[in-house]
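Asker: Please read through the structure below; I'll follow up with questions.
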Amino acid sequence: MTVTAPSPSTLEASPLRQSLGLLWRDKFAFVSALFLLFVIGAALFGPYLVGSGGNKINLMARNAPPLSIHLGWHYFLGADSLGRSIFLRLIVGARNTVMLAASAVFCSLVVGSVLGFIAGYRNDWTSGMIMRMADILMSFPSLLLALIVLYVLDPGVTNVILVLAVTRVPIFLRTARAEVLEVRERTFVVAARVMGASPWRILWRHIRPTVMPTLVTIATLEFALVMLSESSLSFLGLGIQAPEFTWGAMVAQGQSYLGTAWWVAFWPGLAITLTAMSLNLLANWVRIVSDPVQRWRLETRTHTNG
Amino acid sequence: MGSYVRTRMLHSAISMAGLIILVFFLARLTGNPVDLYLPIDTPVDVRDAFSKAHGFDDPLLVQFGSFLSDLVRLDFGQSLRQERPVLTLVLGAFPTTLALAAAAMMLALSVAVVAGALAARNPNGILDRFVNVISLAGASLPNFWLALVSVLLFAVWLRWLPTSGSGGLSHWILPVVVLAVRPCGLIAQVVRGAMISALSSAYVKTARAKGVQSRSVVFVHALRNAMLPVITVAGDQASGMINGAVVIEMIFGFPGIGKLMIDSIQYRDFAMIQGGVIVTAAAIFLMNILIDLAYAVLDPRIKYN
């Protein structure tokens, strides 16, 4: 007697389609994903599409208020004190804003997890030393430390990335260490050690795959946080310097025109807020979907609602 | 308990020493303060005299040694820019920042606990989703932008509150509220999560079965147990509050430690930077230890031995 089991694909849609379906049902997460796609698109292709449009000075459009479409469609968000279109500058500025935050998060993810893996795996005096170093960084307001460092070194792109990365290393370090401390006592790791696997092999092949998802989730949230820190630095004038600019620098530039042209400072700040919020909303959604209990709640709710 | 506090003090002291070394040498790397404080055409002998008077001509290690020996006697030196003892200036500015941060933290905690607890009563209900989105939005707002927008709205357009400066109570409203928004959003998220798990636990079911009022189940039984993670996040936010205070003090012209530090960095006022860093770090260390002790008060199961 042969039983032909129905292939899974006829019963259930593919995991990708399932996830997209769930995303569509959570309208906040869906809109966030769309907005983030737009921001990433602007960061990747913006400078090619817009060209030098973000720096084009049009004295006729000086401090043009929003909806000044008669001057050109791209003035719908208004213009700054030199008549440069705010919309085009937002598109061009997206690249620096996203690139700075992404590089900083990547650096601190790599450095933090390597140090955290060593600290967690060895758990002896090296661990103590690494943790004390993290304590020094954690014990002091990161913005003040960044200000001092950037005042010493000049605020170029590399230095800004380094400073932002260094101040956020402790988060990854502590999480990685805590996770490794727990995972290294699990049976499969002990088994690998008994079989004679080298420490590096155990760390790379056995511990890393277990710990990495947590660290990547933290990295998503850190991205929003680093972007906010970077804009604070730019706002205080110690971010990357002109002619390069980020959204934070645009807010700083608009600060002096607050009374006469509020839109110069308003839109870039709104862009920062919306990007950070989309990241948070999406990370929140991913957390719910990847948790079986909560996912079940999400799926059943949508079924009962029709 | 005593030995635990001693270990923590020791760790803090090591971190503190690291920080002091770091800041001393970083500050020296900013350049020669003589260039900044004397006119360019100052004769060489006057420059040398100025250097000598402030000890800038000594080798770095000698400067570091005398800095340490002064530090032991709690002598932070003289501010170059204001020509007054550093400790007086720092201790003069610190209460302002402390009051600003404490008021903002109180506001954030009380709003977040009430909102998070109410949201957790009905997970995925309308109120829960509303609180969830609002708190995420709050956690995503860059505070300098929020400060500018609120100045624009409440001071420039509506003229209800002063734009900047320090003085009466009305000068405190905007800075405190703006500073509270981010921690409030973050804490509300944690309260909500902790409350949802606390409300589904066995002791809450027991309390409900006994016929305890719903309000007292939420705000007495569940909330006390949900407070532990909340204290952790609130503690993490403490040094974040100082970060926020730097920006807020700059925008609102508040005479706190943040503004003092930024001015000192710009004027290469070494003694001032060191003093500010040390006092701020000491305050943060002290608070972290207090938070650890607060755990023991909230959770009788935790014993530090």
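Asker: Taking neighbour counts of Cβ atoms within 10 Å as a proxy for exposure, in what order, fewest first, do A:Phe28, A:Phe106 appear?
Answerer: A:Phe106, A:Phe28
Asker: Let's test the formula: R0 of 25 Å, r as the Cβ-Cβ distance of B:Trp160 and B:Ala99. What FRET efficiency results, to the nearest 0.05?
Answerer: About 0.70, to the nearest 0.05.
Asker: Would you please classify the overall shape of region B:153-305 from the alpha carbon gyration tensor, given that a ≥ b ≥ c denote the square roots of the eigenvalues, rounded means a/c under 1.5, and beyond that prolate means a/b larger than b/c while oblate covers the rest?
Answerer: Values: a/c = 3.82, a/b = 1.69, b/c = 2.26.
Oblate, since a/c reaches 1.5 and b/c is not below a/b.
Asker: Computed over the Cα atoms, what is the radius of gyration of chain A divided by 2.2 N^0.38 Å, N being its residue count?
Answerer: Normalised Rg, Cα atoms only: 1.24.
Asker: Could you work out the local net charge near B:Ala198, counting Lys and Arg as +1, Asp and Glu as -1, over the other residues with Cβ closer than 14 Å to its Cβ?
Answerer: Counting the neighbours of B:Ala198, the net charge comes to +4.
Asker: Additional query: List the residues of region B:126-143 whose backbone N lies under 20 Å from a point placed 7 Å from the Cα of A:Arg25 along the Cα-to-Cβ direction.
Answerer: B:126-130, B:132-133
Asker: Something else now. In nm, give the distance between the simple-model label positions of B:Val220 and A:Trp200, each being 7 Å from the Cα along the Cα-to-Cβ direction.
Answerer: About 6.2 nm separates the two model spin labels.
Asker: Suppose each label sits 7 Å from its Cα in the direction of the beta carbon; what would the B:Ala17-B:Leu91 distance come out to in nanometres?
Answerer: That separation, rounded to one decimal, is 2.6 nm.
Asker: Right, next: Would you mind checking which residues have amide H under 5 Å from B:Gln78's amide H? H placed 1.01 Å from N; only 5 or more apart, or other chain.
Answerer: B:Val86
Asker: So if R0 is 45 Å, what FRET efficiency would A:His70 and A:Met212 give, r being the distance between their Cβ atoms, rounded to the nearest 0.05?
Answerer: According to the calculation, E is roughly 0.25.
Asker: Can you compute 3J(HN,Hα) from phi for each residue in region A:76-90, using the Karplus curve 6.51 cos²θ - 1.76 cosθ + 1.60 with θ = phi - 60°, rounded to whole Hz and x for Gly and Pro?
Answerer: Each residue's phi maps through the Karplus curve to give 5, 9, x, 9, 8, 5, 9, x, 7, 5, 5, 4, 5, 5, 4 Hz.
Asker: Considering the options B:Gly116, B:Met16, B:His54, tell which one lies farthest towards the positive end of the dipole of region B:13-170, charges being +1 on Lys and Arg and -1 on Asp and Glu at the Cβ, about the Cα centre.
Answerer: B:Gly116
Asker: Out of every Cα pair in the protein assembly as shown, what percent are spaced more than 39 Å from each other?
Answerer: Working: 69763 of 186355 pairs.
For the protein assembly as shown, the share of Cα pairs beyond 39 Å comes to 37 percent.
Asker: Give me the tail of P(r) for region B:239-305 as a percent: Cα-Cα pairs with distance above 14 Å.
Answerer: Summing the P(r) tail past 14 Å for region B:239-305 gives 67 percent.
Asker: Show me, for region B:97-113, the HN-Hα J-couplings you get by feeding each phi into the Karplus relation (A = 6.51, B = -1.76, C = 1.60, θ = phi - 60°), rounded to Hz, glycine and proline as x.
Answerer: Here the 3J(HN,Hα) series is 4, 4, 5, 4, 5, 5, 4, 5, 5, 4, 4, 4, 4, 5, 5, 5, 5 Hz.
Asker: Assuming a viscosity of 1.567 mPa s and a temperature of 4 °C, what translational diffusion coefficient in µm² per second does Stokes-Einstein assign to region B:75-125, Rh being the Kirkwood radius over Cα pairs?
Answerer: Reported coefficient: 92 µm²/s.
Asker: If you filter region B:241-305 for chymotrypsin sites (Phe, Trp or Tyr not before Pro), then keep DSSP loop positions with at most 15 other Cβ within 10 Å, what is left?
Answerer: Working: sites: B:Phe252, B:Tyr267, B:Phe270, B:Phe285, B:Tyr295, B:Tyr304; in loops: B:Tyr267, B:Tyr304.
Answer in residue order: B:Tyr304.
Asker: Along the charge dipole of the protein assembly as shown, which of A:Val189, A:Ser19, B:Leu87 sits closest to the positive end, that is, farthest toward it, with unit charges on the beta carbon of Lys, Arg, Asp and Glu (+1, +1, -1, -1)?
Answerer: A:Ser19
Values in this text are rule-based calculations from the coordinates and carry no lab data. Being a predicted model, the structure only gives us computed values, none of them experimental. All Cβ positions, glycine included, derive from the backbone under ideal geometry; neighbour counts span all protein chains shown.
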